[in-house]
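The structure appears right after this line, and notes come after that.
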Amino acid sequence: MRIIVMSDSHGLSSAVCKIIERNIGYADMFIHLGDGENDVETARSLFPDETIYNVAGNCDQGMAPATRIIEAGGRRIFCAHGHRYGVHGGTETIRSVARDNNCDIVLYGHTHIPFDALIDGIYVLNPGSCASPRNGLKPSFGSIEITEQGVVTGVFDLI
């Protein structure tokens with residue numbers, strides 16, 4: 001199972017669509033981690049056959065949930081934008097909430113800075129921003145590969 005993760009498109013639906021277009025046929029689903037609800041709706045209209053989940057970010061005004069738990073490939077994935085969990089200061093709180101919900105993968109955005117680690121048995125992935133990265137980084141997105149052998153996560157530049 002391959003999952004493509006993106007966040008913080010902030011009105012640049014072309015970035016969201018580029019990520020989806022590049023990964024059609026390779027990805028089983030796409031997850032947008034907030035601050036781009038309208039971009040997700042645009043992508044859904046252009047790619048109606050793709051599975052696209054999203055959560056609300058601090059800049060979103062629509063109807064997306066604040067958090068979402070997705071079961072995929074025998075794993076439980078906790079998805080949140082991150083602003084309610086103090087992710088600028090670290091991942092301890094969001095990992096604790098994920099653990100309380102029996103999740104072993106955490107996805108978050110908000111910081112616009114990629115992060116990819118395995119901490120205390122929980123995979124933690126922030127794909128960075130696909131539209132407005134910080135710290136001089138390039139726009140990026142994330143990937144999760146779930147197989148019988150395990151989980152592989154990564155962050156990739158959107159070129």
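The values are calculated or read from the model by the stated rules, or taken from the named source; none is laboratory data. Fair warning: this is a prediction, and the values are worked out from it, not measured in the lab. Here the Cβ positions follow ideal geometry from the backbone for every residue, glycine too, while neighbour counts run over all protein chains shown.
Run Gly74 past the list (1) free of Cβ contacts under 8 Å to residues at least 24 places away in the same chain; (2) farther than 20 Å from His110 by Cα and report the number of the one that doesn't hold. (1) is the only condition that Gly74 fails. Taking the criterion of being β-branched (Val, Ile, Thr) and either loosely packed, with under 14 Cβ neighbours inside 10 Å or within 25 Å of Gln149 (Cα to Cα) (or both), the residues of region 53-92 that qualify are Ile69, Ile70, Ile77. Here region 93-105 is the region considered, the condition is being charged (D, E, K, R) and closer than 19 Å to Thr153 by Cα, and the residue that is surrounded by the most Cβ atoms within 10 Å (Cβ to Cβ) is Arg95.
I'm told Tyr123 meets every condition in (1) among the aromatic types (Phe, Trp, Tyr); (2) touching a Pro at 6+ places or on another chain (Cβ under 6 Å); (3) more than 16 Å from Ser7 (Cα to Cα) except one. Can you identify the failing condition by its number? Here Tyr123 clears every test but (2).
Residues in region 1-55 that are within 23 Å of Phe78 (Cα to Cα) and among the polar types (S, T, N, Q): Ser7, Ser9, Asn23, Asn38, Thr51, Asn54. Beta carbons closer than 6 Å, at least 6 apart along the sequence or on distinct chains, never pair a first residue in region 2-24 that is without any contact (Cβ under 8 Å) to a residue 12 or more places away in the chain and among the aromatic types (Phe, Trp, Tyr) with a second that is buried (at least 17 other Cβ atoms within 10 Å of the Cβ) and assigned to a strand (DSSP E or B).
Residues of region 19-49 that are loosely packed, with under 15 Cβ neighbours inside 10 Å and β-branched (Val, Ile, Thr): Ile24 alone.
Quick one: which strands (runs of 3 or more DSSP E) sit completely within region 95-159 and have at least 1 residues that are at negative phi, modelled with pLDDT of 95 or more and charged (D, E, K, R)? Give the derivation first.
Details: elements: 105-107, 115-119, 122-126, 140-147, 150-157.
Because the criterion is at least 1 residues that are at negative phi, modelled with pLDDT of 95 or more and charged (D, E, K, R), the strands (runs of 3 or more DSSP E) in region 95-159 that meet it are 115-119, 140-147, 150-157.
In this structure, does Pro139 turn out to be closer than 15 Å to Asp35 by Cβ and surrounded by fewer than 20 Cβ atoms within 10 Å (Cβ to Cβ)? Taking the combined requirement at face value, the residue does not satisfy it.
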